[in-house]
Amino acid sequence: MTRQKILILTADAGFGHRSAANAICRALELRYGEAAHTIIVNPLDEPGAPPFMRGAENDYDKLAREWPQFYKLGYKMSDMSLTTNVTEMAYVMMMYDVIARLMKQHAPDIVVITFPTYQYPVAAHRRLTNSAIPIATIVTDLVSLQKMWFSQSVDLCLVPTAIAARLAVERGLDADLVHVTGLPVNPALADVPASKAAARRALGWPEDKFTVLAVGSKRVERLDAFVQVLNHTGFDLHLVAVAGGNETLYQSLQATEWHVPTTVYDFVRNMPDLMHAADCLISKAGGLIVTESLACGLPLILTQFIPGQETGNVRFVVEQGAGELALEPLALLETLAHWLADDRQLFHERAANARRLGKPEAAFAAADLIWQTAQAGATQRGRRFPISRDKMKALLRQFGGDRWSSPDRGLTA
C-alpha cells in the first residue's frame, strides 16, 4: 500500500474542529495503519500567525458565553456575501506565509481542513505554486452553515447532514464533490458493547436504573441547577454528572447532598464508554456533543445554545424527534416526566429517532474518501481560484513587501 502523508489543519475555537481532526486521524490509523502518516496542526499556533487571530480564538468561549447576541450579530454579518468575500481574501493575506511554511515543511499528499477560513490561503498557495495537492474540507457545523464553509477550490467536501449537502450545492460546489458522511466522531463510538447492563457494570454503575448523563464544561451554564431538579424528583434513575474540567461546577457537584444515586466526574477521557452506558444526555447544543449523542442513539435534552451557530443544531434535534429544548430546570423536569410516562413510550420514540440520525462510522467514511482523494490528486475543478495568479502575487507583495518574494512562497516570476 502506497504511503500517504495527510496534513490536517484545525482550530481550537470550540471543541468540534479539533475533535473532528482527531477522529479522522484515528480512523486513518485504524484503517490504513503505517501507510497513513497524519499530522494535525493548528496554523494559529505557528510562528508568524497574527496575534489578534490567536486572541480571537482564545476569546471564543468568553464571547459566546458572555455576549451571545453580539456573537450572533458577528456570525450573521460574516455570512453576508460581500463580507464573506472580503474575509476570504483577508485570510489569504494574513495566513499565506504560515500556510506556505507548513506546506514546505510537511510536503503533504493531501490537506484536510476542519476550520473554514484555512481553505482560502491553502487554495491560494496551490494556485501560486501550480501544485496538484488536493484539498478536502470537513464541515463541522450541522445545519447552521456560513458561506465561508464552501470554497469552490476544494476537491472534496464532507458534510454532516443532507441539509448541509444541499447548501453546499446551492453555494456553487459540484454535487459529486460533496458527500454526506456525518460529522467524524471518535471511532470508539462505533464499538457498541454487548448491552447497556454490561457497559454499566464495567463502569461500576447501577445496572438496572434509567441513566441520565449530564455533560458540562466551561461553556455550559447552570448545569448544577438542572441536575438539582433531578435530585429532587423522586424518579427511579441514576444520574451521571460530568463537569468537563469546570472546577467550579465540579466542586458544586461534589458538595451536593444527593437523593438519587449519582456518579460525579470532573474531566473524562472515556466519554464513549459513558455514552454507551447512558439512556439519555443533557447538555448544550454544541455540534460535537449532539453528534456524539446521536451516534450512540442517545436522545438529547438541550439546555443552552449559542444564537446563530447552534440554533440549527437545536432545530435539527427537535424537528427530527431526537430530543427536546429545555431552557429552564422546570422544563427539564417536565420533559423527563413525559419521557418516562406510559412505560417510557415517548423516550423510546426519541431514542429510535436518535439512532436513525446517528452516524457512528462517520470517521471511517471520511477516512476512506480522504484516502481515495489523496491517491487521485487535485481535480481541475478543485484548482479553481477566484482571481488570477498575477493579481494574487501583486496583492501579496503589496500586503507583505519584499519578504513575500521568495521561491518558498510561490511569488517569484
For region 94-134: rounded, prolate or oblate by the Cα gyration tensor [a/c cutoff 1.5]: rounded
Neighbourhood charge, 12 Å Cβ-Cβ cut-off, centred on I163 and excluding it, Lys, Arg +1 and Asp, Glu -1: -1
Cα-projected label distance for A162 with K209, points at 7 Å along beta-carbon direction, nm: 4.0 nm
log10 I(q)/I(0) for region 111-236, Debye formula on C-alpha points only (no solvent), q = 0.10, 0.16 Å⁻¹, two decimals, reads -0.55, -0.88
Using r as the Cβ-Cβ distance of D12 and R222, and R0 as 30 Å, what FRET efficiency do you calculate, to the nearest 0.05? 0.75
How much of the calculated P(r) for region 189-357 lies past 28 Å, in percent of all Cα pairs? 13 percent
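What does the net charge come to around G33 if you take all other residues with beta carbon closer than 15 Å to its beta carbon, with K and R at +1 and D and E at -1?
Value of the local net charge: +1.
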When you count, for each residue, the other Cβ atoms within 10 Å and take the mean per peptide, how do 317-328, 112-123 rank with the highest first? 112-123, 317-328
If the label point sits 7 Å along Cα→Cβ of H232, residues of region 247-285 with amide N under 17 Å come out as 253, 255-261
Modelling each spin label as a point 7 Å along the Cα-to-Cβ direction, I'd like the D266/H106 distance in nm, to one decimal. 3.2 nm
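Subtract the Cα-Cα distance of Q345 and E170 from 0.36 nm times their separation in residues, and report this length gain in nm to one decimal.
59.1 nm
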Would you mind computing, in nm to one decimal, how far apart the modelled labels at F52 and A376 are, each placed 7 Å from Cα along Cα→Cβ? 4.0 nm
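Would you mind getting me the FRET efficiency between A198 and R355? Use the beta-carbon distance for r and R0 = 25 Å, nearest 0.05.
It comes to 0.85.
Read-outs: derived from the displayed coordinates by stated rules, not from any lab. Quick caveat: nothing in here was measured; it's all calculated off a predicted structure. All Cβ positions, glycine included, derive from the backbone under ideal geometry; neighbour counts span all protein chains shown.
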